[in-house]
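**Student:** Okay, handing you the structure first.
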Amino acid sequence: MDDEIRTFADGRPAAPPYPEEARAKARERLLREAREGRGFRFPKLGWQAAAAFGVTVALVGGVAVALSAQQPKLGVATSAATQSAAVSDGELRPRPGQFIMVASDTMYGSFTQTSGKMSRYLYRTHREIWQSADASADGLLLIAGLKPKPWPGEPLPEESRKWKGESWMQLASCPDRLAAFRTDYAYLSTLPDDPAAMRALLGKRQPGEKGEADRAAFTGVGDLFRETYMPKAQRDALFEAAKEIPGVQVAEGVEDSAGRQGVALGRESQGTLEQLIFDRDTHMLLGERHTVVDAKAAGAPVGSVLALTAQLKVSVVDRLPEHAGKVEGDSSCVPQPGATADSTGQPSAPPTAEVTVTATAPAPVETTVPPAAEPSNSVGAEPTDSANAEPTVTIEPSAPVPTKTG
Amino acid sequence: MREDRHVVGVQEKPETLDDSALIAQSEIDPERFAVLFDRHADEIHRYAARRLGPEPAEDVTGEVFLVAFRVRARYDRTWPDARPWLYGIATKVVAQHRRAERRRINAMSKVSAERPGSFDDRSADRVTAEQLQPRLARALTSLSAAERDLLLLVAWADLTYEDAALALGVPVGTIRSRLHRLRVKVRRALGGIDPFAEEPQHG
């Protein structure tokens, strides 16, 4: 006896199609949120603390290769004081069980829609990510808020002040589930070293929907290069493959946020030219730059820069760093106990879900999830971990200093 | 043949994943969540547009996926299809526009009476196509917000009772009994008259 319901079903109003522009905007907004990092939500630290975002960089017993901003090129050849055979020809040779650590500074657009009003600004972070070289152990991600910048031609919205403090997150490792989306060194080493095969792979890895294939392929290039390390043969192949994607433009002398110049592969998307900047010789990713080429589509004047990053350091370490603060757990895959191959033989303490090292103020943090959108069961704002760490070491975001012990 | 093997491995995986696996993937690779958007955004938008009209629907759709992204860790992985979950979130987001929805329903419930008889046919068709028939709109005003949510999830989003239970976070039995009460109310509001027979005669 569903007559009444059928009456409503049959009488449902026609729905207009989702306008392409609104759809693209919503999707991009989602992607930007995704890039901001796994649920990082403005820990409550004052700017005083944030300015000295207390990062204890203790690369215990590891091989650290410094690639600071002072160096003209992000070559991996620069060896630290103590070095092992891991670096010989300028290439890192991570062993199973070790971690690849990448430090970067980023600036991307942040968009918030509050009751129909869009507020936007450019949020900036310093990121340090540790990923198991062979996906055998969980990784770790540090995101520290840097002072935001206004959207070109607009005042800095009040909410941008929330972008401060730091947050530590566990990155669960589940290579089986990630499959073709793995970004660990062991997996990347298996990618084709031939540009044509690599190009074919890009097409298959993220098959774009209707006419989006080229864009998806270019996105894939960024995903594979960003915060990763792969052997030179694969870097070269991926670089050459990216050049072959329709719409990709090559530009010389493009600067990353650390002022280093490189060769850029760029592609236009929604009014901005999205460039990946590479070291000309090593094809290491230096950074990214998004420049407005269509004011109307981008919502900012032509020539203004809406994203600018720099990967400052890529190194191999034996262990995850010790740090003060709370680690946001990542329960996305079953933890792999004992998988932390600690080649130093020292007892290691990889962070596991919900481990609290020194959590002083787990203050509830304002979330951007509207309260009304928190239903009883499945939907709700995730609790936010506030990493209120007492800064022990202060490092300049522009030139992280690798520390090596052991 | 390393490359060949690799390519085969890749082909097995990508877009054939169900929603649940995709959401799991997005925990490690957050940008993967965009695939979920690609899959379901149009449908959520349609639902939002039916309930609130085209303009609010754009905001609502974006908001639904942002909320979903933020709470994806809580997704119940035993459900391969994320639609009920997304509709549950959509229901909450739409609820933030309750006043607007009430205004819209009230307005639509009066359209028929106020519409001039000489109204251009084609434009009248267009108007009615995107609007709810006045009788149905009036019936909707007789329901509570929660009843409206349930009715429209079933009638407009085509959710099964099980899906609706999942979306609203209540047992299926509760859904059945609520629907029963709701039907009685609707029947009374419709006065037992076929709304399709009545409406054109007003024009």
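**Student:** Please list, in order along the range B:84-96, the HN-Hα scalar couplings obtained from phi with the Karplus expression 6.51 cos²θ - 1.76 cosθ + 1.60 (θ = phi - 60°), rounded to whole Hz, x for Gly and Pro.
**Tutor:** Per residue, the Karplus-derived 3J(HN,Hα) values read x, 4, 5, 5, x, 5, 4, 4, 5, 5, 4, 4, 6 Hz.
**Student:** Pop a pseudo-label 7 angstrom from the Cα along the beta-carbon direction at both A:E255 and A:A24 and give the gap in nm to one decimal.
**Tutor:** Each label point is offset 7 Å from its Cα along the Cβ direction, giving 3.0 nm.
**Student:** Taking the Cα of B:R98, stepping 7 Å toward and past its beta carbon, and measuring to each backbone N in the range B:136-155: which are under 12 Å?
**Tutor:** Under 12 Å, as judged by backbone N against the label point of B:R98, lie B:144-149 of the range B:136-155.
**Student:** Can you pick out the pairs among A:K232/A:K313; A:K149/A:K243; B:K110/B:K185; A:K25/A:K149; A:K296/B:K92; A:K204/A:K243 whose Cα atoms lie more than 23 Å from each other?
**Tutor:** Over 23 Å apart, Cα to Cα: A:K149/A:K243; A:K296/B:K92.
Coordinate-derived values only; no laboratory data. Please read all numbers here as calculations on a predicted model, not as lab measurements. As a convention, Cβ positions derive from the backbone with ideal geometry for all residues, glycine included, and neighbour counts pool all protein chains shown.
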